[in-house]
Amino acid sequence: MPSALILIADGTEEMEFTITYDTLVRAGVSCTSAYIAPADDEGGLEYGNRTAPPFAKGSRGINILPDRFFAPLELGPDKFDALIIPGGAKGAETIASSSPVQHLVREYYTKGKVVGMICAGSMAAKTSNLPKQALTSHPSVKSELDKDFDYSEESVVVSKNLVTSRGPGTAFPFALTLVELLCGKDKKEEIRGPMVFPLGTPW
């Protein structure tokens with residue numbers, strides 16, 4: 001069974017997190033969400049028991065309970081087939097500016113594991129010093145990425161094992177692209193039908 005690690009922080013965009021997580025689970029992917037504590041509390045000490053993370057308060061104020069705290073030594077590319085970073089300005093900043101996350105992104109990328117980034121989450125490609133390649137993001141961070149990458153305005157961009165997307169409105173094609181890469185095209189089509197997208201939906 002394929003597996004995916006999905007990062008989350010306070011300020012993560014709820015749709016990008018939940019649509020991706022939900023769609024992957026529908027395809028049989030074993031998903032684990034890991035909470036990135038604020039920069040001034042990376043050890044999670046404010047919350048006491050590190051095995052029980054707090055609710056992450058999303059960008060629209062919706063509380064989401066992560067599966068576990070982020071512990072990079074326990075979450076390497078030998079444990080998961082994909083690493084996924086959602087957006088949401090505040091959450092993406094917390095995640096992308098974390099040195100342990102940057103190291104993990106490079107590890108997953110170098111080992112050929114799927115690395116997914118959506119919206120402002122694509123900033124992690126820059127902070128992690130990934131090589132120049134095709135990439136997209138939310139328009140609000142385009143100016144911070146277009147000098148270091150071959151910027152595209154396509155809904156989803158696949159460059160080798162890096163998958164990037166634009167925002168909440170592209171979360172479904174982003175998630176289905178991840179399903180295809182992890183589980184194959186047949187599985188993507190199998191789960192797509194029961195999701196009942198409107199006729200003519202281009203994914």
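The values are calculated or read from the model by the stated rules, or taken from the named source; none is laboratory data. These figures come from a predicted structure and were not determined experimentally. Cβ sites come from the backbone with ideal geometry, for glycine too, and all protein chains shown count toward neighbours.
Tell me whether the range 36-46 contains one or more residues that are at pLDDT 95 or above, buried (at least 22 other Cβ atoms within 10 Å of the Cβ), closer than 25 Å to residue 123 by Cα and not basic (Lys, Arg).
Within the range 36-46, one or more residues are at pLDDT 95 or above, buried (at least 22 other Cβ atoms within 10 Å of the Cβ), closer than 25 Å to residue 123 by Cα and not basic (Lys, Arg).
Against the definition (farther than 24 Å from residue 18 by Cβ and at pLDDT 95 or above), how does residue 127 come out, yes or no?
Yes, satisfied.
I'd like the residue in the range 88-122 that is in a helix (DSSP H, G or I) and β-branched (Val, Ile, Thr) and, out of all such residues, is nearest to residue 73 (Cα to Cα).
Here the answer is 101.
Taking the range 132-170 as the region of interest, how many residues are in a loop (DSSP other than H, G, I, E, B) and among the hydrophobic types (A, V, I, L, M, F, W, C)?
1
Taking into account only those residues within the range 180-203 that are among the hydrophobic types (A, V, I, L, M, F, W, C) and not in a loop (DSSP other than H, G, I, E, B), which is surrounded by the fewest Cβ atoms within 10 Å (Cβ to Cβ)?
So the residue we want is 195.
Name the pairs whose Cβ atoms lie under 7 Å apart, with the first residue in the range 103-118 and more than 16 Å from residue 133 (Cα to Cα) and at pLDDT 95 or above, the second among the polar types (S, T, N, Q) and surrounded by fewer than 24 Cβ atoms within 10 Å (Cβ to Cβ), and 6 or more positions between them or separate chains?
The qualifying pairs are 113/161.
Which ones in the range 62-87 are in a loop (DSSP other than H, G, I, E, B) and aromatic (Phe, Trp, Tyr)?
Result: 70, 80.
How many residues does the range 56-102 contain that are touching a Ser or Thr at 6+ places or on another chain (Cβ under 9 Å) and of a type in the set (Asp, Glu)?
Of the residues in that region, 2 qualify.
Just checking, which of 150, 186 is acidic (Asp, Glu), within 20 Å of residue 24 (Cβ to Cβ) and at pLDDT 95 or above?
Only one candidate qualifies: 186.
Among the numbered criteria (1) within 18 Å of residue 163 (Cβ to Cβ); (2) of a type outside the set (D, E, K, R); (3) touching a helix residue (DSSP H, G or I) at 6+ places or on another chain (Cβ under 8 Å), which one does residue 110 miss?
In the conditions (1) within 18 Å of residue 163 (Cβ to Cβ); (2) of a type outside the set (D, E, K, R); (3) touching a helix residue (DSSP H, G or I) at 6+ places or on another chain (Cβ under 8 Å), residue 110 misses (3) alone.
Give the residue, chosen from 139, 100, that is out of contact with any Leu (no Cβ under 7 Å at 6 or more places or on another chain), exposed (fewer than 15 other Cβ atoms within 10 Å of the Cβ) and within 15 Å of residue 5 (Cβ to Cβ).
100
Go through 69, 55 for me and flag whichever is of a type outside the set (A, V, I, L, M) and crowded, with 17+ Cβ neighbours inside 10 Å.
Every option except 69 fails the conditions.
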